[in-house]
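Quick notes on the structure that follows.
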Amino acid sequence: MTRPDLARRIAGASAMPMIMGILNVTPDSFSDGGRFDDVSRALDHAREMAADGCDLLDLGGESTRPGATPVSAEEEAARVLPVLRALVAALDVPVSVDTSKASVARAALEAGAAIINDIWGLQGDPDMAAVVAAGNAWVVVMHNRHDIDPACDIVADMRRFFDRTLEIADRAGIARDRIILDPGIGFGKTPTQNLRCIARLDDLSDYGLPILLGVSRKSFIGHVLGRDVGARLCGTLAAGLAGVGRGASILRVHDVAAHVDAVRMTAAIAESAS
């Protein structure tokens with residue numbers, strides 16, 4: 001899928017949400033750490049997700065779970081770049097690279113990544129916005145907080161964060177139509193605040209930007225349902241579809257086949273009403 005084709009697909013994703021398959025090449029991610037941390041296994045899993053119907057792949061080389069050990073930019077790049085090159089050569093699926101480091105983002109764009117997924121929404125590394133602009137890349141800007149404040153009005157906080165991010169993007173010259181918002185489910189939020197972000201996702205509609213929702217297997221689902229991480233698919237599907245009903249156009253998931261079926265069924269029901 002070329003970049004112009006990707007632009008058209010993202011623009012039309014409100015009718016049929018896109019599925020972004022998660023590919024972690026880390027030893028310590030909360031759900032799949034250590035499973036795909038060499039090129040061969042990562043490529044095999046990516047091929048499986050592509051066959052299951054994912055529209056995008058999100059490649060990450062540093063765990064962002066609470067308590068994870070940070071890694072250097074050199075280590076992150078060493079994990080990500082060989083897999084990224086293999087993906088670009090073997091598959092016709094656009095690849096997003098999940099990184100908050102500008103140097104890793106730069107190398108990833110040079111190696112063929114189409115999207116940078118920044119968990120600090122251009123507000124972490126001061127060079128990130130310039131890198132994204134220079135690469136004419138899409139960027140997922142995620143809401144995040146350094147601490148959890150149960151008293152915080154999380155929706156208002158999210159809007160303040162995105163207003164600041166969009167100012168940074170505009171000054172750097174990032175095209176508005178290359179920006180995707182992510183409410184950052186599981187990042188700096190209580191379980192109740194995570195639920196509220198999904199319930200109030202349509203409060204972001206006035207930005208006029210695509211919304212990515214990443215709820216797959218996360219701890220707030222376990223908090224509600226009392227399920228371990230390996231038993232959260234039903235909760236994940238419910239949360240994701242609730243988000244789609246409130247404006248999400250991209251779902252970032254581990255279980256691609258189940259989500260492809262779910263969004264197709266939801267779209268078929270909606271189409272039958274017209």
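Based on Cα contacts under 8 Å between residues 6+ apart, the chain shows a relative contact order of 19 percent. Between ARG176 and GLU48, the C-beta separation translates, for a Förster distance of 41 Å, into a calculated FRET efficiency of about 0.75. Here the gap between ALA134 and ASP5, fully extended at 0.36 nm per residue and compared with their Cα-Cα distance, gives a gain of 44.4 nm.
Averaged per residue, what accessible surface does the range 215-273 expose to a 1.4 Å probe, in Å²? If you can, show how the numbers build up before the last one.
Values: 2880 Å² over 59 residues.
Dividing the accessible area of the range 215-273 by its residue count gives 49 Å².
I'd like the FRET efficiency for SER272 and ALA199, computed as 1/(1 + (r/R0)^6) with the beta carbon distance as r and R0 of 30 Å, rounded to 0.05. Write out the running numbers ahead of the final one.
Working: r = 26 Å, r/R0 = 0.86.
About 0.70, to the nearest 0.05.
Write down the Å³ per residue value for the convex hull defined by the alpha carbon atoms of the range 46-133.
Working: hull volume 8.8 nm³, N = 88.
That works out to 100 Å³ per residue.
For ARG47, neighbours were defined as the other residues whose beta-carbon sits under 14 Å from its Cβ, and their charges (Lys and Arg +1, Asp and Glu -1) total -3.
Would you please classify the overall shape of the range 163-274 from the alpha carbon gyration tensor, given that a ≥ b ≥ c denote the square roots of the eigenvalues, rounded means a/c under 1.5, and beyond that prolate means a/b larger than b/c while oblate covers the rest?
Details: a/c = 2.07, a/b = 1.31, b/c = 1.58.
The shape class here is oblate.
What is the range 70-121 by shape, rounded, prolate or oblate, if you read a ≥ b ≥ c off the alpha carbon gyration tensor as root eigenvalues and call it rounded for a/c under 1.5, prolate for a/b larger than b/c, and oblate otherwise? Please list the in-between numbers first.
Details: a/c = 2.24, a/b = 1.43, b/c = 1.56.
Taking the square roots of the gyration eigenvalues as a ≥ b ≥ c, the range 70-121 is oblate.
Hey, what's the Kirkwood Rh for the range 162-208 if you take every pair of different alpha carbons, in angstrom?
Working: mean 1/r = 0.0829 Å⁻¹.
Computed over Cα pairs of the range 162-208, the Kirkwood hydrodynamic radius comes out at 12.1 Å.
Output the direction-averaged projected area (hull surface divided by four) of the convex hull of the alpha-carbon atoms of the range 92-186, in nm². Before the final figure, lay out each step's value.
Working: hull surface 24.6 nm².
With the hull built on Cα positions only, its mean projection is 6.2 nm².
The alpha carbon convex hull volume per residue for the chain rounds to 120 Å³.
Surface composition of the range 135-238: carbon and sulfur atoms hold 49% of the protein heavy-atom accessible area at a 1.4 Å probe.
The values are calculated or read from the model by the stated rules, or taken from the named source; none is laboratory data. Just so it is clear, the structure is predicted and the values come from calculations on it, not from any experiment. As a convention, Cβ positions derive from the backbone with ideal geometry for all residues, glycine included, and neighbour counts pool all protein chains shown. Surface areas here come from the heavy atoms of the whole protein model, side chains and all, with no ligands, DNA or RNA. Shrake-Rupley method; radii C 1.70, N 1.55, O 1.52, S 1.80 Å.
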